Amino acid sequence: MDIPLVLVDDANEHEQGNAGSTLYLGALMVACSFMVVNCFALLWFWIRGAVWRYKFGLVRNFPPRSKFGTMSIVLPCYMPNEHSIVMETIEHLLNVVEYENDENSLEEEPTVTVYCTYNAPPTWSHPVEQQLAKMDNTRVGKWRRRFRAIRVHDSKSKAANLNRVIEEIDTDYCVIYDADHHPDFDSLRIMTNQLIIEDADCIQGSTYIREGLGFMGLMIDAEFFMNFFLLLPAASTIVSGGWFGGSNAVWRTPFLKSQPFHPSVQTEDIEYTARALMKQAKIKLCPQSRSGELAPAS
């Protein structure tokens, strides 16, 4: 019985193997090149940062109040979810976060105004809202800062809450914090100092987990560190700019007034950044300006 012979085209298989190896080698070279560029960009970011701190300092050379202007601190909230933490955050913003060089007397115009702008279902009511109403339009806290509480009845988003309060802001600068954010005591000064010296439109700070450091919290905190102190500095150096992360960012108020937030998008910070960059906004990253937030409940 004759057994048929099956001939294998070794040359064809060899060519396919070479093509696959070439493709893999090319992808590996691109990935390695990207890592090298990232490393050099990160090194250059920290060299520039060290030179900047040597020349200007962080807060030691913070200019007198007459030079750095007035500030609005905006705290957008959704009350059924955040009413249990909002008063603690307001207390932190009024008495811990530094900005003024001295205490304001009641006779002087306040340097800082703190806005709590929130939305809630039409039937929602809570003692926290009554407490906010009593504090509204008063001078409170260590530095006698003006406090405003604004319920945005027709709002269904953080963007709409922000748009409502930005309409009436008349300060030089505006910083935005989420309801669970507790900025470090010198965080706002560091950001504003960099904003003034670099003549930027926005300075974006970094975030860490301040409470709830279980396994998930530790993982998120590690991710924040990687992003804000390694990946984002390298990326911002490569593209010569930054982006707005939605919280712990200070803006020049005229720019915020020049374009509203879009209330129908879920990631209003990304959409706002895209439009801002199209208008040639100068956004810079400042990892040293840190703000702690809560870990997710689940």
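Structure values in brief
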| item | result |
| --- | --- |
| Summed side-chain charge close to GLU88 - residues other than GLU88 whose Cβ falls under 11 Å, Lys, Arg +1, Asp, Glu -1 | -4 |
| Sequence ranges 86-92, 71-77, ranked by mean other-Cβ count within 10 angstrom, highest first | 71-77, 86-92 |
| Cα gyration tensor shape of the stretch 148-298, rounded if a/c is under 1.5, else prolate or oblate by comparing a/b with b/c | oblate |
| Other-chain or far-sequence residues with amide H under 5 Å of SER291's (modelled H) | ASP184, SER206, THR207, TYR208 |
| Burial order of peptide ranges 263-274, 123-134 (average beta-carbon count within 10 Å, highest first) | 263-274, 123-134 |
| Percent antiparallel among DSSP beta bridges (both partners in the stretch 156-298, rounded to 5) | 55 |
| Vicinal HN-Hα couplings computed from phi for the stretch 256-273 (Karplus, 6.51 cos²θ - 1.76 cosθ + 1.60; Hz; Gly/Pro x) | 4, 6, 6, 8, x, 6, 8, x, 9, 9, 7, 10, 5, 5, 5, 5, 5, 4 |
| Burial ranking of peptide ranges 233-245, 214-226 (average Cβ count within 10 Å, highest at the top) | 233-245, 214-226 |
| Cα-based shape type of the stretch 174-236, given that a ≥ b ≥ c are square roots of the gyration tensor eigenvalues and the cut on a/c is 1.5 | oblate |
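Bear in mind these aren't lab numbers, they're just calculated from the coordinates by the rules spelled out. Owing to the predicted nature of the structure, the values given are computational and were not obtained by experimental measurement. Every residue, glycine as well, gets a Cβ built from its backbone with ideal geometry; the counts of neighbours run over all protein chains shown.
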